[in-house]
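Peer 1: Mind having a look at this structure? Questions to follow.
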Amino acid sequence: MKTKTVLIIAVISALIFAGCRQKNEEHKINYPESKQVDATDDYFGYMVKDPYRWLEDENSKETKEWIEQQNEITNRYLNNIPFKDRIKDRLSEVWKYTRQYAPTIKGDKKFYFRHDGISNHAVLYVKNIGESDERVLIDPNLFSEDGTTSLAATSISNDGNYIAYAISKGGSDWREVFIRDVNTGEDLDDHLKWVKFSGLSWDDEGLFYSRYDEPKDGEELSASNEFQKLYYHKKGTSQDDDILIHKDDENPQRNFSAVVDDNNRYLIRFSTRSTQGNQIDIHNLQNNSQISVDSDFNTESSYIGSLSTNRLLFVTNENASRRRVVAINPSTPELTNWEEIIPEKEDILRGVTLTENYIVCHYLKDVESNLKIYDHSGEYLKDIELPGAGSVSGINRYENRDIIYFNYTSYTNPTEVFELDIKSNNLTTVFSPSTNFETDDYTTTVEFFEADDGAQIPLFITHKKDIELNGNNPALLYGYGGFNIIQTPGFDISLIPWLENGGVYIRAHIRGGGEYGEDWYRAGTKKNKQRVFDDFIQSAEYLIENGYTVSDKLAIMGGSNGGLLVGAVANQRPDLFSVALPNVGVMDMLRYHKFTIGWAWAGDYGRSDDSKEMFEYLYSYSPLHNIPKGNGYPATLVTTADHDDRVVPAHSYKYIAALQNSYSGLNPTLIRIETKAGHGAGKPVSMQIEEIADKWAFTLYNMNEHFK
């Protein structure tokens, strides 16, 4: 019986492939010409050609013309898909529900974001505690007519009377910071420029922030970000009068941030030189003395709050790969004097919140949230029963009280907001969305498979409850696998049309992330990076072997480091996937460190100029340099944006140029280049819906599926 089923599926797959081939033959694409130049780099005696180097110049006339030509071809292809507009219409329908997020309490005021599901951006509201009347404090939809200027960050003064807010234009990581009087709703004259990768931390009179020197004209979106400086800005003054707190002229590739402790006695300064690890210095604001706490950059610690004047609470991975809670006395801050409050546990410590009498620890067990309550001495008291198996985020405390607010979500549960009275154990729903689609129609299961080295890899699999899992379902496999990042279960409105149409969505929690601690993360970095790709490939094989889908119905998707993942595995196993959707990917592993903040990723990747061995390893999987020749490659839609100054779009430009030149088959290999957009954050709803509709239409069309 099983053999007969496999035979039927094979026949169906062959017919589907024939149908797709016929469609693509009818719409054979004549790609724009991507000229090749004589650019070569010498890596330890190995000469590597870089024929599309010219596409790194985003300001050149040639590059701009190439972008226009590529977009014209891509738009023509996408607009000819007969059901694309129906997908867009359905996305627009389901998007229209109100979301609200956990409030922040400062002084006598409550601040919270709400999105009406129609506007491009969420709006920040404020109201006095104990009162029902609310008012709009910041409406980012008024920043620009097309929604491409967004609210990137906010920081509220301790008394709740002022808010510093940062805006981003066109999706760039560059920020402009303003200060608004909360009571009047009017902006002060303060205006901070060239702020990037910065916190905004208040004391009583102003705030600490980080900035760079103004870049040269034309290099704002691509030049390497070096020599960041830490400043103090006093409210109501000019940026020209800001006080330089710290700089490092000998180490240009270091970033700085600072926070003031709860008692305004200490300035805690953090220095970083990559995406992992930091150095801590504590500055005594009373006597102007400074002491280094941890200077090796091998571990990472973050400030939580003050237990008392001389006991500062930190969460750290020092001697604890899954993190623990310690108290540091600023007078004797050496590692040997750290006081352990809550030791490392089997589960991952995701975050810590300090209330009047309790310590709230947010743990992850197999990527799902649980909350544990301790007293200030570190004694365990109880677990908090959550609404279900999902994710908690945005935990905010009610100062001087034992109340917290938090968001809760899962793959099938849109975000709800809860208030928890820790002492009484009373959990109250603050906000629950009313949707125009049935979330109860879907289910998520967690399955583990054994990787070839014995590791257990979790897959979260979501689909409609009533679909027949017949081994031929359209499936979308998503992965990231890098930078110790954990992408926890969460509701994604963009998936509703995919799931409604009988699609299966799978998120693979592969090595390189932080799902199971430091060892899990390190197993996917530097010379272990191939492990990430192997985990993802084996995830796809598991789905096929266990009857969820077949190769002709399997798409892969990922963004940023996940775009690198998609590019690498599509090169290595083009036979395994029908569609590849790499978004803002790191595609040139030999030169990534030469642009904007790319140098900070070396802790995960290593650098091509580190050693001959490191160069050879990076070169062996770099998506740009390993595109197979011939006619076997998944249908590919690369997505990027012209204002992405984190992973510069040249990565995607060069990759698609090389792919279009090397691949001789009929599957489309296209690039979609958004204008006035960046790495993803702050993108207006209108742009999101357009892009998602294009992706789902492209994917279903190249699986020979229809949108019902």
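Peer 1: Assess whether residue 185 counts as being part of a loop (DSSP other than H, G, I, E, B) and either closer than 14 Å to residue 257 by Cβ or assigned by TED's automatic domain parsing to the domain that holds residue 591 (or both).
Peer 2: No; evaluated as a whole, the condition is false for this residue.
Peer 1: Could you figure out which of (1) part of a helix (DSSP H, G or I); (2) loosely packed, with under 14 Cβ neighbours inside 10 Å isn't true of residue 91?
Peer 2: (2)
Peer 1: Here's another thing I want to ask about it. All but one of (1) over 20 Å from the mean Cα position of the chain (by Cα); (2) in a loop (DSSP other than H, G, I, E, B) hold for residue 682; which doesn't?
Peer 2: Answer for residue 682: the failing condition is (1).
Peer 1: Follow-up. Go through (1) outside the structural domain of residue 695 (by TED's automatic domain parsing); (2) of a type outside the set (A, V, I, L, M); (3) touching a helix residue (DSSP H, G or I) at 6+ places or on another chain (Cβ under 6 Å); (4) assigned to a helix (DSSP H, G or I) and name the single condition residue 121 misses.
Peer 2: (4)
Peer 1: I would also like to ask the following. Only one residue in 398, 374, 405, 442 is closer than 24 Å to residue 463 by Cβ, surrounded by 17 or more Cβ atoms within 10 Å (Cβ to Cβ) and among the hydroxyl-bearing types (Ser, Thr, Tyr). Which one?
Peer 2: The conditions single out 442.
Peer 1: On the basis of being closer than 29 Å to residue 148 by Cβ and among the small types (Gly, Ala, Ser), does residue 585 make the cut?
Peer 2: yes
Peer 1: Tally time: how many residues in segment 199-238 are assigned to a loop (DSSP other than H, G, I, E, B), out of contact with any Pro (no Cβ under 7 Å at 6 or more places or on another chain) and on the phi < 0 side of the Ramachandran plot? Lay out the reasoning, then the answer.
Peer 2: Filtering segment 199-238 down to residues assigned to a loop (DSSP other than H, G, I, E, B) leaves 199-200, 203-205, 212-228, 235-238.
Imposing the further condition that a residue be out of contact with any Pro (no Cβ under 7 Å at 6 or more places or on another chain) reduces the set to 199-200, 203-205, 212-222, 224-225, 228, 235-238.
Retained after the next criterion (residues that are on the phi < 0 side of the Ramachandran plot): 199-200, 203-205, 212-217, 219-222, 224-225, 228, 235, 237-238.
Residues in segment 199-238 being assigned to a loop (DSSP other than H, G, I, E, B), out of contact with any Pro (no Cβ under 7 Å at 6 or more places or on another chain) and on the phi < 0 side of the Ramachandran plot: 21 in total.
Peer 1: For residues in segment 58-68 being touching a Phe, Trp or Tyr at 6+ places or on another chain (Cβ under 9 Å) and not hydrophobic (A, V, I, L, M, F, W, C), which is surrounded by the most Cβ atoms within 10 Å (Cβ to Cβ)?
Peer 2: Taking the candidates together, the pick is 58.
Peer 1: Still on this structure: Taking only segment 575-620 into account, find how many residues are of a type in the set (A, V, I, L, M) and free of Cβ contacts under 8 Å to residues at least 12 places away in the same chain.
Peer 2: The total comes to 0.
Peer 1: Being at pLDDT 95 or above, closer than 23 Å to residue 430 by Cβ and surrounded by 21 or more Cβ atoms within 10 Å (Cβ to Cβ) narrows it down to one residue among 162, 125, 112; which is it? Quick ask: steps written out before the conclusion?
Peer 2: Numbers: 162 fails: closer than 23 Å to residue 430 by Cβ; 125 fails: surrounded by 21 or more Cβ atoms within 10 Å (Cβ to Cβ).
Result: 112 is the single residue among 162, 125, 112 that is at pLDDT 95 or above, closer than 23 Å to residue 430 by Cβ and surrounded by 21 or more Cβ atoms within 10 Å (Cβ to Cβ).
Peer 1: Which residue, of 175, 180, is surrounded by 12 or more Cβ atoms within 10 Å (Cβ to Cβ), in contact (Cβ under 8 Å) with a residue 12 or more places away in the chain, in contact with a Phe, Trp or Tyr (Cβ under 7 Å, 6 or more places away or on another chain) and closer than 22 Å to residue 138 by Cβ?
Peer 2: From the options 175, 180, the qualifying one is 180.
Peer 1: Could you tell me which numbered condition residue 593 fails, if it satisfies all but one of (1) assigned to a helix (DSSP H, G or I); (2) modelled with pLDDT under 95?
Peer 2: (2)
Peer 1: Another question, if that's okay. The conditions are (1) assigned by TED's automatic domain parsing to the domain that holds residue 656; (2) without any contact (Cβ under 8 Å) to a residue 24 or more places away in the chain; (3) buried (at least 17 other Cβ atoms within 10 Å of the Cβ), and residue 81 fails exactly one of them. Which is it?
Peer 2: Status for residue 81: all satisfied but (2).
Peer 1: Right, here's the next one. For segment 348-371, enumerate the residues that are within 30 Å of residue 457 (Cβ to Cβ), out of contact with any strand residue (DSSP E or B) (no Cβ under 7 Å at 6 or more places or on another chain) and part of a loop (DSSP other than H, G, I, E, B).
Peer 2: None - no residue of segment 348-371 is within 30 Å of residue 457 (Cβ to Cβ), out of contact with any strand residue (DSSP E or B) (no Cβ under 7 Å at 6 or more places or on another chain) and part of a loop (DSSP other than H, G, I, E, B), so the list stays empty.
Peer 1: Take residue 671 and decide whether it is surrounded by fewer than 23 Cβ atoms within 10 Å (Cβ to Cβ), of a type in the set (A, V, I, L, M, F, W, C), under 21 Å from residue 565 (Cβ atoms) and in the same structural domain as residue 87 (by TED's automatic domain parsing).
Peer 2: Taking the combined requirement at face value, the residue does not satisfy it.
Peer 1: Let me ask another. If we keep just the residues of segment 183-224 that are among the small types (Gly, Ala, Ser) and in contact with a helix residue (DSSP H, G or I) (Cβ under 9 Å, 6 or more places away or on another chain), which is surrounded by the most Cβ atoms within 10 Å (Cβ to Cβ)? Reasoning before the result, please.
Peer 2: Taking segment 183-224 and keeping what is among the small types (Gly, Ala, Ser), we get 185, 198-199, 201, 206, 210, 218, 222-224.
With in contact with a helix residue (DSSP H, G or I) (Cβ under 9 Å, 6 or more places away or on another chain) added as a condition, the list becomes 222, 224.
On the way: 222: 18, 224: 16.
Filtering segment 183-224 for residues that are among the small types (Gly, Ala, Ser) and in contact with a helix residue (DSSP H, G or I) (Cβ under 9 Å, 6 or more places away or on another chain), the one surrounded by the most Cβ atoms within 10 Å (Cβ to Cβ) comes out as 222.
Peer 1: Kindly indicate whether residue 12 is more than 30 Å from residue 132 (Cα to Cα) and modelled with pLDDT under 95. Reasoning before the result, please.
Peer 2: On the way: more than 30 Å from residue 132 (Cα to Cα): yes; modelled with pLDDT under 95: yes.
The answer is yes for residue 12.
Peer 1: Which of the residues that make up segment 356-371 are charged (D, E, K, R) and surrounded by fewer than 20 Cβ atoms within 10 Å (Cβ to Cβ)?
Peer 2: The answer is 356, 365, 366.
Peer 1: Among the residues of segment 382-393, is any free of Cβ contacts under 8 Å to residues at least 24 places away in the same chain and assigned to a strand (DSSP E or B)?
Peer 2: Yes, that holds for at least one residue.
Peer 1: Moving on to the next point. Please work out which residue is nearest to residue 597 (Cα to Cα), limiting yourself to segment 513-564 and to residues that are of a type in the set (Lys, Arg), in contact with a Phe, Trp or Tyr (Cβ under 7 Å, 6 or more places away or on another chain) and surrounded by fewer than 24 Cβ atoms within 10 Å (Cβ to Cβ).
Peer 2: Per the stated criteria, the residue is 526.
Peer 1: Checking the structure you have, find out if any residue of segment 417-427 is surrounded by 16 or more Cβ atoms within 10 Å (Cβ to Cβ), touching a residue at least 12 places away in the same chain (Cβ under 8 Å) and within 25 Å of the chain's Cα centre (by Cα).
Peer 2: Yes: one or more hits.
Peer 1: Please indicate, with yes or no, whether at least one residue in segment 378-401 is over 25 Å from residue 311 (Cα atoms), among the polar types (S, T, N, Q) and touching a Lys or Arg at 6+ places or on another chain (Cβ under 8 Å).
Peer 2: There is no residue in segment 378-401 that is over 25 Å from residue 311 (Cα atoms), among the polar types (S, T, N, Q) and touching a Lys or Arg at 6+ places or on another chain (Cβ under 8 Å).
Peer 1: Could you grab me the full set of residues in segment 239-278 that are outside any loop (DSSP other than H, G, I, E, B) and in contact (Cβ under 8 Å) with a residue 40 or more places away in the chain? Reasoning before the result, please.
Peer 2: At the first step, the residues of segment 239-278 found to be outside any loop (DSSP other than H, G, I, E, B) are 239-241, 243-246, 255-260, 266-272.
Of everything in segment 239-278, those that are outside any loop (DSSP other than H, G, I, E, B) and in contact (Cβ under 8 Å) with a residue 40 or more places away in the chain turn out to be 239, 255, 256, 257, 258, 259, 260, 266, 267, 268, 272.
Peer 1: Quick check, is residue 544 among the aliphatic types (A, V, I, L, M), modelled with pLDDT of 95 or more and in a helix (DSSP H, G or I)? Spell out the reasoning first.
Peer 2: Details: among the aliphatic types (A, V, I, L, M): yes; modelled with pLDDT of 95 or more: yes; in a helix (DSSP H, G or I): yes.
Considered against the rule, which asks whether it is among the aliphatic types (A, V, I, L, M), modelled with pLDDT of 95 or more and in a helix (DSSP H, G or I), residue 544 comes out as yes.
Peer 1: Name the single residue, out of those in segment 321-363 being in contact (Cβ under 8 Å) with a residue 12 or more places away in the chain and among the polar types (S, T, N, Q), that is nearest to residue 374 (Cα to Cα). Break it down stepwise before answering.
Peer 2: Keep residues of segment 321-363 that are in contact (Cβ under 8 Å) with a residue 12 or more places away in the chain, which gives 321-331, 333-335, 338-363.
Checking which are among the polar types (S, T, N, Q) leaves us with 321, 329, 331, 353, 355, 357.
On the way: 321: 21, 329: 20, 331: 26, 353: 11, 355: 10, 357: 9 Å.
So, considering only residues that are in contact (Cβ under 8 Å) with a residue 12 or more places away in the chain and among the polar types (S, T, N, Q), the one nearest to residue 374 (Cα to Cα) is 357.
Peer 1: Something else now. Here are some conditions: (1) under 27 Å from the mean Cα position of the chain (by Cα); (2) at pLDDT 95 or above; (3) more than 30 Å from residue 428 (Cα to Cα). Residue 104 meets all but one. Which one does it not meet?
Peer 2: Result: residue 104 fails condition (3) only.
The values are calculated or read from the model by the stated rules, or taken from the named source; none is laboratory data. Since the structure is predicted, the reported quantities are computational estimates derived from the model, not experimental observations. Heads up, the Cβs are rebuilt from the backbone with ideal geometry, glycines too, and the neighbour counts pull from every protein chain shown.
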